[in-house]
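Read-outs throughout are calculated quantities, based only on the coordinates presented, and are distinct from any laboratory measurement. Note that the coordinates shown come from a computational prediction; the quantities given were computed from them, not determined experimentally. Counting neighbours? That spans all protein chains shown, and the Cβs are built from the backbone with ideal geometry, glycine included.
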Amino acid sequence: DTAVSQTPKYLVTQMGNDKSIKCEQNLGHDTMYWYKQDSKKFLKIMFSYNNKELIINETVPNRFSPKSPDKAHLNLHINSLELGDSAVYFCASSQGLVGEQYFGPGTRLTVT
Amino acid sequence: AQSVTQLDSQVPVFEEAPVELRCNYSSSVSVYLFWYVQYPNQGLQLLLKYLSGSTLVKGINGFEAEFNKSQTSFHLRKPSVHISDTAEYFCAVSVKQHGSGNTGKLIFGQGTTLQVKP
């Protein structure tokens, strides 16, 4: 009964590959987010969707494409992976655009 | 533009001692304020939040924080820490917009590693 879940937890891949990370929340929230945490643990928002509508797109390379098939899911697809994409990616959700966000356990992406 | 500064990258403290983790923010508009905790290899968990009302906010695990608008600070405190409090702590702000302008965007500080020693 995990609130926000992500798959996979670990992802190791080679440069140039395309990969996806999936996120699901069972909290009934209408807003979902993707954050990137770099090797220095700095967290930065990448995207957010509210009722399946893109709200935030934070100067992320267009190799990154979020997709929200419904309010409970927000997937992240990454094309042509680069070494600098190695990081931990967190999905989060909230009810509305004010207040606390609930975070998933993270996906550690390693690009070799 | 908004920014968040956590003044200490690491805070070592002995068990049962009090601790304060400092957070200052820069914003020309009103903000909502949050503290999150991240245990090793886990996601972030909300400790407490300030949206409005009383400036002293109590959270989980015995933590509290005080919003000081004049000093643009939101320092986190605990009177007596436990070994299990060892973790990374993040302060975050979200801009308070009127009407339908909120985006939910959280701007995080750099994090403070709390190391509780026996």
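Residue order for A:S93, B:S26, fewest other beta carbons within 10 angstrom first, comes to B:S26, A:S93.
Looking at chain A, what % of the alpha carbon pairs are farther apart than 21 Å? If you can, show how the numbers build up before the last one.
On the way: 1804 of 6216 pairs.
Everything past 21 Å amounts to 29 percent.
Here A:R63 and B:N61 are evaluated by their C-beta separation; at R0 = 45 Å the FRET efficiency comes out at 0.70.
Among A:H29, A:H73, B:H82, the ranking by other beta carbons within 10 Å of each residue's beta carbon, starting with the fewest, stands as B:H82, A:H73, A:H29.
When the alpha carbon gyration tensor of the protein assembly as shown is reduced to an equivalent ellipsoid, its three semi-axes come out at 29, 21, 16 angstrom, largest first.
Chain B: longest stretch without exposed GluC sites (Glu not before Pro) (DSSP loop, at most 14 other Cβ within 10 Å), sites themselves excluded? Numbers along the way, then the final one.
On the way: sites that count: B:E15, B:E16.
Free of exposed loop sites, the longest segment is B:17-118.
Computed across the range B:1-112, the Kirkwood radius stands at 14.4 Å (inverse of mean 1/r, all Cα pairs).
Across A:M32, A:M15, A:M46, mean-square fluctuation computed from a Gaussian network of chain A (C-alpha pairs under 10 Å connected) peaks at A:M15.
Would you mind calculating the relative contact order of the range B:1-112 from Cα pairs under 8 angstrom and at least 6 residues apart, reporting the percent as a whole number?
On the way: 248 pairs, mean separation 39.0, N = 112.
Normalised by residue count, the contact order of the range B:1-112 is 35 percent.
Residues A:T7, B:T112, ranked from the fewest to the most other C-beta atoms within 10 Å, line up as A:T7, B:T112. 3J(HN,Hα) along the range B:42-54, derived from phi through the Karplus expression 6.51 cos²θ - 1.76 cosθ + 1.60 where θ = phi - 60°, amounts to 10, x, 8, 10, 6, 8, 6, 8, 10, 10, 5, x, 4 Hz, with x in place of Gly and Pro.
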